[in-house]
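Below you'll find the structure, written out as structure tokens, and then a few comments.
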Amino acid sequence: MTRVLTFLAILFAMVRAMAIGVGISLSFDYGTVSVAYPNRTVDSVLRVDGDEGYRTMMRNQTWTRPQDEEMYYTPNIWEPPSFPTQVTRLEMRQSCVHPPNSALHGMLEQLKTAVVTHTGADMDTAHIVFPLNPSISLTTALEHSTRALNIRELSNMHWATIAAAYYLSDLRDSGCDRENVLLTVDYSRAGIIATLSGECYGMTWPQRTFFDLNPVIAGTNITDTERIVTLFNTLISHPITDWDGENLHGLDKIVLMGELGNTPEIRTMLRQALDAGPSGGVLEDKLVHQESPNDPLFVASAGAAMDSMLSRQPS
């Protein structure tokens, strides 16, 4: 009887693990993890503050903005990596025989332990997102760390911006009558990242980003509001393009992200930026309603978890 009960417990844990989706968002100073279930509910599991090694590692990366990669993020034009680029990536992966990056490994280990404790099931897959497009060296380090932690399947194809917008969309399997112009703002003690994207029914394509990791915050007080407002104005003053390459003007949605996404400071800066243009006085109308589990701190990991869960369901 004991063996039967043990077998059933293991079987239940395996089935449960296959049904859930895990999303991890690795920010500059911390990581968050969420779990999504087949009924489309999401649990915000844990935030882990990174140690000095983690924070240094994240700041020393070469991060890529969508405008740096020309047409790569335009939805109707996809440029696969060239053959030399693929060879270079393969050589980097093969030459990386060192142990996993300790700072990254430690962060992921804490987040995995939290998921196992929370769900009672092993975590064998996760959708991992970053603030910006990561470097090859970082994705290679990530592959080594996840392999060491027995995370056998790994998706790290999306930015946190895409994951956040995905969870807040209605996720209907339908065509796009009209693409929305989406502004996401990730605000934390590390600085600010703002991205302008096209979005429709969960599909999001970032097109322009600014990020400023200078120390703009003392506690939660902005020390250089005027500079950030100017960056916002520059970002939103030019149109983006839709699927057909036509210009999209204006602003339809604003999603707030990060540990300070709920603070009055970020709303003040956004309001000042919008009031300087044709969208004055409409901030509250543009802000997407966000509450747990898609509050600013966890919205990226929640979206990644939902995407992970849906990708594991039978088609």
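Read-outs: derived from the displayed coordinates by stated rules, not from any lab. Everything numeric in this text was worked out from a predicted model, so none of it was measured. For neighbour counting, all protein chains shown are included, and Cβ atoms are generated from backbone atoms with ideal geometry for every residue, glycine included.
Oblate is the label for the stretch 259-298. Its Cα gyration tensor axes, ordered a ≥ b ≥ c, give a/c of at least 1.5 and b/c at or above a/b. Amide hydrogen proximity for Gly50: with H placed 1.01 Å from N in the peptide plane, the residues at 5 or more positions away or on another chain lying under 5 Å are Tyr30, Gly31.
Within the shell of other residues whose beta carbon sits under 10 angstrom from the beta carbon of Met257, the net charge comes to -3, with Lys and Arg scored +1 and Asp and Glu -1. Scalar couplings 3J(HN,Hα) for the stretch 227-235, obtained by applying the Karplus form with A = 6.51, B = -1.76, C = 1.60 to θ = phi - 60°, are 5, 5, 4, 4, 5, 4, 4, 5, 5 Hz; x denotes Gly and Pro. Going from the residue with the fewest nearby Cβ atoms within 10 Å to the one with the most, Trp205, Trp243 rank Trp243, Trp205. 3J(HN,Hα) along the stretch 37-53: 10, x, 7, 6, 8, 10, 9, 7, 8, 6, 10, 10, 6, x, 7, 4, x Hz, from the Karplus curve 6.51 cos²θ - 1.76 cosθ + 1.60 with θ = phi - 60°, whole Hz, x for Gly and Pro. Amide H contacts under 5 Å for Arg208: Leu196, restricted to partners 5 or more places along the chain or on a different chain, H placed in the peptide plane at 1.01 Å from N. What the phi angles of the stretch 129-140 give under the Karplus curve with 6.51, -1.76 and 1.60, with θ = phi - 60°, is a coupling list of 10, 10, x, 9, 5, x, 6, 4, 4, 6, 5, 5 Hz, glycine and proline written as x. Working ranking of peptides 39-46, 103-110 by packing, defined as the average number of other Cβ atoms within 10 Å per residue, highest first, is 103-110, 39-46. Cβ-Cβ distance of Glu226 and Asn60, R₀ of 22 Å, FRET efficiency by 1/(1 + (r/R0)^6): the value works out to about 0.15.
Look at Met57, Met203 and count the other Cβ atoms within 10 Å of each Cβ; fewest to most, that gives Met203, Met57. Taking Cβ atoms as reference points and 12 Å as the exclusive limit, the residues near Phe298 contribute a net charge of -3, counting Lys and Arg as +1 and Asp and Glu as -1. Of the residues Ser308, Ser34, the one with the fewest other Cβ atoms within 10 Å heads the list, and the complete ranking is Ser308, Ser34.
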